[in-house]
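These notes are about the structure you will find just below.
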Amino acid sequence: MTAPATRETLPQTRSLPLPGFIDGTLLTLLAGAVILWFAPVGMGRYGTYVLSLWLVTSIAVMGLNLTLGYAGLKSLAQAAFMGLGAYLTAILTTKYGVSWYVCFALSGLLTFAVGLVLGFPALRVKAHYLAFVTLAFSTLIWLIMRNEQWLTGGVFGISNINRPDFFGIKLFNALEFHRFVVVITFILAVVLWWMIRSPWGRAFTALRENPIRAASLGVDTRLYTLLAFAIGSAYAGFAGALYAPLVEFIDPSPFSLSQSFFLLLMVVAGGSGYLLGPFIGALLGVVLPEWLRFAGSLYLIIFAAIVMLLLIACPQGMSGLMERAYAKLTGKGAGR
Amino acid sequence: MTNKWIIAAALSAALGLPAVAQEKVKLINVVELSGAGATAGTNWKNGIDLAVADINAKGGIMGRQIEITHYDTQTNPGNTRAAVQRAIDEGTYAVLGPVFSGPIGASMQIAQRAEIAQIVGGEAAGLTRQGNNYIFRTSLSQAAAMPKIANYLKNTVKAGSVAVVWVNNDFGKGGRDAIIPELEKAGIKVAADVSTEQGQADFAADAIKVKNSNADAVFVYLNEEESARFLTAAKQQGVTKPMVGETTLLGAKVISLAGAAANGVKGHVGLSIDAPIPAFQEFGKKFQAKYNYASDHNGLKGYMAVYMVKWATEKQKKFDKKGVADTLRGATITPADEPGILMETTIEANGDLDRVSFLAEVIDGKQVINATLPKIKP
């Protein structure tokens, strides 16, 4: 888990006798997927559900990591995008019997398109101003989800959302559905891994580090800003499309503004700009509070204290901490 | 330094281990202990703890002590689902909670699939209309309470027009959707339909809207803190028309938060520690002594939930999880059979309850019961 994501060209990964395109991050993803495929055996449905919830949240955080960690755009609408995907999937599958796979694709497309439209202001306004634009959007989407009862079920939500089939295999059971989530998360993570290594990814990073320089080097900053935002949003849409059948019930509360802040926290706590950061961040945000339940009524206070201490001790998040530890152990150049 | 870490790790591991539970009845309560539902959830939890202590002191259920665990839902459907799943995986005998209707909606299918009774504090009408045989209420549903309110507004308050103030969550919207047709049926005009937010702090604008509507009475259907804030704002804005509510508005929590602004509030009460039933008052005293504040209806609901499980187990004479639900369905529990149920309660086939309820008024910071309304199907 110590493999730094954006630093795939660090010397240590080159020293491994592997084909050129494979790096530590990809190997970690692959190993993680294999472990998670088998992990829930004997864990019970609760443990399996929490693992699935972690992965689904990770997908949304991955998207936000692209937007924030690579392209440097502060978005406060990730949960709203997730809501768009979840509601689209829930409405189409329960009311119109549309296949989940179609809904999954549509969720990605819709959020990509909305991301493009919403991303336009990002061309003129950046930093705090973009945050405000996305904040307004987040509130707007939440109000639609809550008030348009004829469409979204309003505050009563939508229940009995079916889980999809996989080539005739029913994914009704927690374990089967978890494995399905593992596969989809893996695919989406590998796509992002590829994207980050491609010239696109380098353009995204260039955009974050120094937009003027990036422009002077011929990077179409407008196009890449838009793309980063839209792809990041599409990941939230994909996460939403998985969230609805996982919980089998949705109402507006998991897609509120405070959840967008929580997703942002996961990006930062996991380590923004690291490909594996979202998994660690979502682990902190989703799984840690569940682990801490043994502490009874104090568990949320302990959780908050851990997160605060972590961010004070290491502003680069868990991934940054691990990278520093790795650099110290191997005596090699200390990351940033 | 290393030793300290080892000790800390061992301590935390020891805390995490469940107590050895031989010949115990494991009950898990999944409820809102943080987030928007924390007030209601904490009352519910305390009511449960009180009932468990009472039952255990008297020898438990059929000789077995109850072991109670509480899981917080953060008032979030996804977390509620996880917690209910955890409760079932850990072998809970029945699921107690949650209280808020949204989290109930997110988790009730899991208990249904596991064929385990889930005894909830929710009042939204829709919960018992989904053909789920394993869900049971601990209070009247909105569908049962609202006709009584409409009747009260027409015959006792003699209102020709009413302003309805509701909180836009599943509880408030469900109540609003249930009362408006009843008002229309009773020939009462809805002069204003005011939606407010959960967690809203400033109700001045809403109070002015209500005042300008010039309605003969105001029906207030908000959660506890919001009810108190609205009453305070209405007093400040000089709203003098009768404030009528359903259970929550006349609850102990609202009265203590709103202070003098709660005086004169009247309405229908499903459960109250001030009801003219000695068992309720005794519960109220025990609760006050243990927690140092007055219980609202949610405390009573939690207390009764545990006794519903106890009664069903003793009735079926065995510890059969599915049997709890089968026994409760369609049953009438009387205080003669089970004093802990506090009042005669009929459980309908869909999990709704039927029992007597009360008309009350707040006078000098105390809830005073004026009349007792009979069961719908006596």
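No value in this document is a laboratory result; all are computed from the given coordinates. In this text the structure is predicted, and so the values were computed from the model without any measurement. Because the Cβ atoms are built from the backbone with ideal geometry, glycine has one as well, and the counts that use them run over all protein chains shown.
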Non-local residues with an amide H under 5 Å from the amide H of B:F219, with H modelled 1.01 Å from N and Pro and chain starts lacking one, are B:A163, B:V164, B:V165, B:V244
Provide the descending list of Cα extents for the protein assembly as shown along its principal axes, expressed in whole angstroms. 83, 63, 54
Per-residue Cβ contact counts at 10 Å, fewest first, order A:T152, A:T205 as A:T205, A:T152
Farthest toward positive dipole pole in segment A:24-257 [+1 Lys/Arg, -1 Asp/Glu at C-beta], among A:V34, A:A71, A:F167: A:A71
Relative contact order (%) - criterion: Cα under 8 Å, at least six apart; region: segment A:24-257: 43 percent
Out of B:G340, B:G323, B:V269 - ranked by how far each Cα lies towards the positive end of the dipole of segment B:263-378, with unit charges on the beta-carbon of charged residues - the top one is B:G323
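For chain B, what is the relative contact order in percent, using Cα pairs closer than 8 Å and at least 6 residues apart in sequence? Intermediate values should be presented prior to the final figure.
On the way: 799 pairs, mean separation 60.0, N = 378.
Relative CO of chain B lands at 16 percent.
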Straight-line reach from B:K45: which lysines fall under 16 Å, measuring Cα to Cα and dropping same-chain residues less than 8 apart? B:K26, B:K253, B:K286, B:K290, B:K301
For helix B:224-236, report the angle its Cα long axis makes with the longest principal axis of the Cα atoms of chain B; keep it between 0 and 90° and round to the nearest 10°. 20 degrees
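Other chains' Cβ within 10 Å of B:95-104 residues: what's the mean?
Mean shielding by partner chains, rounded to a whole number: 2.
For segment A:39-118, just say rounded, prolate or oblate: build the C-alpha gyration tensor, square-root its eigenvalues into a ≥ b ≥ c, call rounded for a/c under 1.5, and beyond that prolate if a/b exceeds b/c, oblate if not.
oblate
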Given Cβ point charges of +1 (Lys, Arg) and -1 (Asp, Glu) and nothing else, what value in debye, to the nearest 20, does the dipole of chain A about its Cα centre take? 700 debye
Long-range amide H partners of B:K26 with built H, under 5 Å: B:E67, B:Y93
How large is ³J(HN,Hα), in whole Hz, for each residue of segment B:276-293 in order, when computed from phi with the Karplus curve 6.51 cos²θ - 1.76 cosθ + 1.60 and θ = phi - 60°, using x for Gly and Pro? x, 10, x, 4, 5, 5, 5, 4, x, 5, 4, 5, 4, 5, 7, 10, 6, 7
Just name one of A:A313, A:L283, A:L55: the one whose Cα is farthest towards the positive end of the charge dipole of chain A (beta-carbon charges, Lys/Arg +1, Asp/Glu -1). A:A313
How shielded is A:246-256 by partner chains, expressed as the average number of their Cβ atoms within 10 Å of its Cβ atoms? 6
Quick check for me: using +1 on Lys/Arg Cβ and -1 on Asp/Glu Cβ, what's the dipole size of the protein assembly as shown about its Cα centre, in debye to the nearest 20? 1060 debye
Provide, for q = 0.22, 0.27 Å⁻¹, the log10 of I(q)/I(0) from a solvent-free Debye sum over equal Cα point scatterers in segment B:244-304. -0.89, -1.20
At 1.567 mPa s and 4 °C, plugging the Kirkwood radius over alpha-carbon pairs of chain B into Stokes-Einstein gives what diffusion coefficient in µm²/s? 61 µm²/s
Percent of Cα-Cα pairs per 10 Å bin, from 0 to the last occupied bin, for segment A:226-316, please list those. 15, 41, 35, 9, 0
Rounded to the nearest 500, the 222 nm mean residue ellipticity computed for the protein assembly as shown from DSSP H runs (n ≥ 4, each -39500 (n - 2.57)) alone is -18000 deg cm²/dmol
Hey, got the dipole for segment A:113-199? About the Cα centre, +1 on K and R Cβ, -1 on D and E Cβ, debye to the nearest 20? 240 debye
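So, by mean Cβ neighbours within 10 angstrom, what's the order for B:74-80, A:216-222 with the highest one leading?
B:74-80, A:216-222
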C-alpha center-to-center spacing [segment B:288-308, segment B:171-223] in angstrom: 29 Å
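Using DSSP H assignments, which helices in chain A have an axial alpha-carbon span of 27 Å or above and a mean Kyte-Doolittle hydropathy of 0.5 or higher?
Details: long enough: A:44-64 (31 Å, 1.13); A:100-124 (37 Å, 1.63); A:127-147 (30 Å, 1.22); A:174-197 (34 Å, 1.73); A:221-247 (39 Å, 1.20).
Those that clear 27 Å and a mean of 0.5 are A:44-64, A:100-124, A:127-147, A:174-197, A:221-247.
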Taking amide H positions as placed 1.01 Å from N in the peptide plane, with prolines and chain starts having none, which residues 5 or more places from A:V98, or on another chain, fall under 5 Å of its amide H? A:T93
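Hey, any idea what Rg/Rh is for segment A:273-336, computing Rh the Kirkwood way over Cα pairs?
So for segment A:273-336, dividing Rg by the Kirkwood Rh gives 1.07.
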Taking each residue of A:140-152 in turn, how many C-beta atoms of other protein chains fall within 10 Å of its C-beta, and what is the average? 1
Using only the alpha-carbon atoms, how far is helix B:170-185 inclined from the longest principal axis of chain B? Give it as 0 to 90 degrees, nearest 10. 40 degrees
Per the Debye formula with a single identical scatterer at each Cα and no solvent contribution, what log10 I(q)/I(0) holds for segment A:24-257 at q = 0.08, 0.14 Å⁻¹? -0.30, -0.89
